[in-house]
Structure formats: structure tokens, C-alpha cells
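For reference, the structure discussed in these notes is given below.
The values are calculated or read from the model by the stated rules, or taken from the named source; none is laboratory data. Keep in mind that this is a model prediction, so the values were computed, not measured. Cβ sites come from the backbone with ideal geometry, for glycine too, and all protein chains shown count toward neighbours. Each accessible area value is taken on the protein alone, full model and side chains, heavy atoms only, with ligands, DNA and RNA left out. Shrake-Rupley method; radii C 1.70, N 1.55, O 1.52, S 1.80 Å.
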Amino acid sequence: MNEKALRTLEYTKIIEKLTNFAGSELGKEKCRALVPSADLEEIRTRQAETEAALNRIYKKGSLSFSGIHDIRASIKRLEIRSCLGMGELMHISSVLTATEHIKNYGKQEEETPDDALSERFRLLEPLKTINHEILRCIISEDEMADDASAGLRSVRRQIKTTNDKIRDQLNSIINSQDNKLILQDNLITMRDGRFCIPVKSEYKNSFAGMIHDQSSSGSTVFIEPMAVVKLNNDLRELAIKEKEEIEKVLEALSAMLFTETANLKYNIDTIAEFDFIFARGQLAKSMKATCPEFNDKGYINIKRGRHPLIDDKKVVPINIYLGKDFTMLIITGPNTGGKTVSLKTVGLFTLMGQAGLHIPAFEGSELAVFNEVYADIGDEQSIEQSLSTFSSHMKNTVSILKEADEKSLVLFDELGAGTDPTEGAALAMSILTFLHNRDIRVMATTHYAELKLYALSTPGVSNACCEFDVETLSPTYKLLIGIPGKSNAFAISKKLGIGEEIIDMAESFIGTRDKSFEDILGGLEKNRIATETALADAERIKQEAWDLKQKWEEKQRKLDNARDRVMNEANEKAVKILQEAKDYADETIRKMNKLATSGQNMREMEHERGNLRDILSEKSSSIKMQAPDKKKNTVKNPDELDIGDVVHVISFDVNAKVAGLPNQKGELAVLIGAMRTTVNIKDIELVEKCPKEEEAKVKTGAGAIARSKQMSISPECNIIGMRVDEAMPIVDKYLDDAYLAHLPQCSIIHGRGTGALKAAVHQHLKKLKYVKEYRLGSFGEGDQGVTIVVFKDN
């Protein structure tokens, strides 16, 4: 891309913002070097990297790259087997520590599919053993630990012992009463790495020792007493040994890194690349940007695009499309109305997108890949080169006309301005026709009415305008494609106080054709506003209807849940009551059998039978429910019933399916869910007749239950919005029904959210013996928000 377009469209300011998000100097270098690419595959790769970084930032938070050092020079020294210093080793350690942190950040859950960065995260090698050894041996860039080696520990122990001896000797000298007049101060000091004491100059010849220094005034000399000369010499030798031991440790640590230069190089290059990629992700997050789609057909479709350098609170989103129905767009409208911003938005989005940066627009926005973007925007008057505004623009235009081709995007601001309007308009139409004949994508702003007519009369060219509110005398900054801009000079002047007669006189100077054209534009504008108002009202009513539907469905769901809960409680209570009655009956039978075998009298047996009848009557009345007062569709004639008919059992207040025809007593078998029971014909109401063709297929037992389930069971269960405690009973019941219905598989829709529902569903599925396998949905099945359950054959 040409440098002029990058500056004119303020791409360099975007790069400055991007660079601020990088944490390391290596990452910042990559940000500063970022330029748009014209290779479609490279663009898509960069966009995929930015998208992956943005998703990880939203999921795990930002990744810090601050404090990472450039170790490339140290790696080159290792490649030639050079020994590294403590500072270099500490820098390598910081990179290895960062590598481990970044690698851990890159780990994802097993169910999460790989993205564009996963493989690079896995290939990072933190070299934990070597890093641990460096940190064990080196405390800082200037200090090595005593335990770095046995030899170093021994030498430093000797140094400490020698130091202690020297201090003891010197303390005895300065504390001696004989030396009080000789010494300038009672202190021990260092000169040239040797321990000395300050002695008055007049006594220097009477004090045995070596003079190393004197004060600036000459009144004090610093003498090393003869008693510690040998100890100081020993200390100097030990310092040399200490240095040798440190060198041995550094050589050993460097040797450990000789074979790891490839890993070190990959680590630092990948970390720098990650810093660069995550800076792009952070920039996208700050701009609320999305990944655009790209094509090589010259088609642009920007949905609700916001210029990234305008304050979020002030910027007005615009919709722009170009390249499908028309290849040239001519924008008209008042000054400061947003025409130039529209041009810059398209140009800057193109540059950002081709550089791998997301754009601040709605998802689904589409950009074309261009080899070059040319922009002639702004006043480029040059006094030094004796160029007027018109001449400067023409100089740029000449360059554009020579270099632009069908793979170029050309942006003109006020084409043909700065000269005679008639000649300027004619020249502008000629330039636009030249570019249009070469199938070049062009956007141009203008005030010339002739260009509006040119757009209306030329195939492949469309008008657009920036909306202006005459009532408030201010632009709305909305771009309207397909509508030429109307001149508002008279309306604005009248609003500001210009007299009626002046306005009327001005209108008389305009030709009839021009006035008629402006009137047509005014009518189109009124119709557009009316249409937009009607559409807004329709959209509002549609939204209200949708909200009501959602509320009704939510209310119905709660009612269904409440009904199911009540029925479950009633069924559990009925089962409990019946079980109690059965237990009592069994106990009574045992007693009666015992009485019969023991020869007891019939009175006691009759007493037990009476008790049993009373208990059974009591239990039976407990489980009967109050019949509704409404008129029942009771079955009067047994011939009305057929096997498979749906009936309502009044005493249990549930629907059942007829499994057997009534006998002479009016008793018949029915299926209530999976339970088969006998009821009287007087206790049922006919709900629905069974179709004749289905009648022969209706059977009792598990087959009937399965077919009943198949007719009503859904292939999916939606628990989005529920808590775990209320969702799991619903999931459990649904899975039982689906399995009984012989469904091969089903879907549990739990959404993404916090992941609690998904975890609970997966934990429950592990316990079910009839579940063969389960997995997260793939693309088109609901992705991470759906679990697909496959049942075993039954």
C-alpha cells in the first residue's frame, strides 16, 4: 500500500493504538511494522489469529507480555558455544518463566476445538529443569547464590572466616589505649579492596603498615597494619578463586543451554508473535470490533460501521455497500455532514481488514481485497511548491489515473472543487467516466448538481447523501444510499433570518429545470422519512408482539411445570397410600391364615376382615380426587369404546388409553402412562377416538408405551434459563421417555452460560446405563450449547 494513503486515511494512528496494547518491545516492533496485505489467504490467516486471541481474552482475560527481554543476541552467542553472564542467564530465565505462563494460559478444555493459535501454544517449550537450575544458582543479575556449587560455597565460607579475622585484628588495634592519639577515627575502612584504618599524618612513620591513601586535606593517611597484610593477601586470593568458581557455574549453565537454542529461538519468536496477535485482540475488544468476511470480487458491505478514531459516544454508525449493483458511489450533502468521514471509514476499514485487524462494525460485514487504496482527501495546498488547492488535487488525481486498476479502491473528496464550477463539474464527470470504464471501485464526494444527474443517468453508478435536519440546522451523519442529496441553502438561510423577498429573488435566478429537480428531491426526502417512520412503527409493534409471545410462553412453561409437579406429588402420595393398604392387607391375610390353622373361632376372623374392609375403604377415599363440576362426556354405551381411545379417568384426574373393552360389569383395562389398571365405565370420559387404521396396531404393555412416546416425544429438550436443581428432573424424565420411545439419539439444549448446566447434564449422563455415548454439538448442531446423546439399542 502507498504511504500517502496510509497517512491520509489515518492508518498510522490505528497502528499507534495497536502498539500501546503490546507489552514487550519485540511485540511493539511487530505492531509498528504491520502493513496491509493483498494476499487473501494471508489476510484470512491473520483474521483467524485475531479472532482466536479475542475469544481467549473474553474467556480467560488478557495475557501479559510485559518484562519479556530480547534474548536473540544471547542465543547467537550460545550457538557459537560462548559462556553467558549472569544478566543474560536471568533474561533467558524470565523468558522461560513467561513461556510456562503463556503455555498454561493456552491450555483449553478437552471438548473445546482447536483454534488458529492452539498448535503454537502446544509447541512452546518452557525448559523447566534448566530454568529451575538458573533460578537456584543466580539470585540477581549481579549476585550468585552460595549454593550454586560446592566449590563456591567453600570459597565463600573461607572469605567470611578471613574477613572475621581481619576485623578482629583491626578492632583490637583501634580499641587499644596505646593508639588513641595516633588514630584519626576509631573505624575500619576499605582502600583498593584492602582493610585500612585512618592514622594522623604526623604519626604515619611511627605506625607499622602500608599506606594506601590519604585524605584530601592531607591530615589523614589510610594505613593497612602489618598484622593484617597477610590476611588481606589471603582475601585477595580467595576473591580470585570465587570469581573462578562463578565462571565454572556460568559455564555449566551455558552448557545446559547449548542444545536448546532451537527451543529458545522458537519460544522468543512465538512469544513476540503472541504479543503482536493479542495486541490485535485487545484493540478489537476496545473497539467492540468484529471479524469481516473477505472476497476477491470487489464487493464491500459494511453494516453499522463506526469510524474507530471518533469518540464512541459521538460516532454515528453507517451502512455502506459498493461493488455488486454499482461500482461507483457519489455522495452529496452539506459541509460537516459526514461525507468525508464516510470516505475515510471505507478506506480505513479496508486497510485495517487487510492488515488482519478487526473492524468496528456489525458481524457479517464484508470487505474486498484491493492491491492498492488511493485517497485524495483534504486540502493539500502547498505554498513551497506554488500549488493551489485545485492544482494539488489535480496532481494527486493524475498519479491515481496512471496507477489505478480494477484491483484498486479510489476515494475522492470534493472532486473538481477549487475552480470554475462548470468546468470543475465537467472535469469531475470525465475523470469518473474514465475510472468507471475500467471497472474501478470509486467513492467520491461533491456539491455539484451535475454529478447527481450523472449518477442517476449512468448504469453502475449510484447516488448517496448525508442526511440533514433543516429544523435543527444540523446534520444527522446518516448515509442514505440511492438518494441524491438536496441542497438546503435556501432553507438554512431562511431559518437563520434571511428575508422572504431575498429568498424569492434567489429562487428566481435558478433555472426551471434545476428548481424542478430540487423539488423532486424534496418530495423523495419526505417520502423516505414517512417510509422510515412507518417501518420503525412496524418494527416496534413486531418487537412488542415478540415480547408478549415470550412472556406467554414463559408463563405457559411455568404452568406446565407446576401441573407436572402437582401430578407427580399426587401420584407419589397415591402410590404410598396403596402400598400402605397392600401391606396391611398382607398382614391381615397372614393373621387370618394363622387363625385358620390354629382353629380359632370365626368371630375373630370376621373381626379381622372387617378391619381390612375399613382400612381399604379409608385408603380408597383418600386417593379419589374431587370430580369437576362441569358437565362430563361420560360413556353411557360400552359399544362406544374402541381399543386405543383416549379417555379421562375422573377419580385420578388423568388421561389414559383404553387397553381392553368393558366386561359385563362395565370394568375395562386402561393404560395410565406405563401403569395398567382397571376402572369402571362410569369413572371415565371419552376424550379422543382412536383412528381406525391405528386401532389394530394398539397393544398393551411396553410396545404401546413406546408407540405412545414416539407420537409425543420431541427430539430435543431445552433447559436454557433454568437452574440446575429444576432442570435435572426434567432432563431425567425426558431421557427416560426418549429411550422408551426407541429414539436413536436426542439433543439436550443447555446453552453456554457459566457451564454449570452443561457440567450437571454430563455428570448425570455418566450414570445412565442406557446411554451409549454423548458429545457436544458440532457446527450446525448448536456447538458448545448442545449435548448430543446416543442411546443403546433397546
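For the reader, a short list of remarks on this structure follows.
- With a threshold of 29 Å on the Cα-Cα distance, the over-threshold entries among Lys288/Lys339; Lys30/Lys344; Lys551/Lys769; Lys303/Lys395 are Lys551/Lys769; Lys303/Lys395.
- Among the trypsin sites (Lys or Arg not before Pro) within region 22-129, those in coil by DSSP and having at most 12 neighbouring Cβ atoms inside 10 Å are Arg81, Lys107.
- The alpha carbon gyration tensor of region 186-254 gives principal lengths a ≥ b ≥ c with a/c of 1.5 or higher and a/b greater than b/c, which makes the shape prolate.
- Using the Cβ-Cβ distance between Asn637 and Lys551 with R0 set to 56 Å, the FRET efficiency from 1/(1 + (r/R0)^6) comes to roughly 0.80.
- Amide H within-cut-off set for Lys478, under 5 Å, with H built and near neighbours excluded: Glu467
- 3J(HN,Hα) along region 194-199: 10, 6, 9, 10, x, 10 Hz, from the Karplus curve 6.51 cos²θ - 1.76 cosθ + 1.60 with θ = phi - 60°, whole Hz, x for Gly and Pro.
- Rounded if a/c under 1.5, otherwise prolate or oblate - region 131-239, Cα gyration tensor axes: prolate
- Cα-projected label distance for Lys682 with Lys772, points at 7 Å along beta-carbon direction, nm: 5.2 nm
- Spatial separation of Cα centroids for region 1-18 and region 741-794, in angstrom: 49 Å
- Cα-projected label distance for Leu135 with Tyr266, points at 7 Å along beta-carbon direction, nm: 2.2 nm
- Accessible heavy-atom area order of Val373, Val341, highest first, probe of 1.4 Å: Val341, Val373
- Using heavy atoms of the protein chains and a probe of 1.4 Å, the accessible area assigned to Val35 is about 70 Å².
- The modelled label-to-label distance for the pair Asn171/Phe390, using points 7 Å beyond Cα in the direction of Cβ, is 9.7 nm.
- Fully extended contour minus Cα-Cα distance, from Glu726 to Glu450, at 0.36 nm per residue: 92.5 nm
- Report note on the peptides 538-549, 758-769: ranked by the mean count of other C-beta atoms within 10 Å, highest first, their order is 758-769, 538-549.
- Karplus-derived 3J(HN,Hα), 6.51/-1.76/1.60, for each residue of region 454-460, Hz, glycine and proline x: 4, 5, 5, 9, 10, x, x
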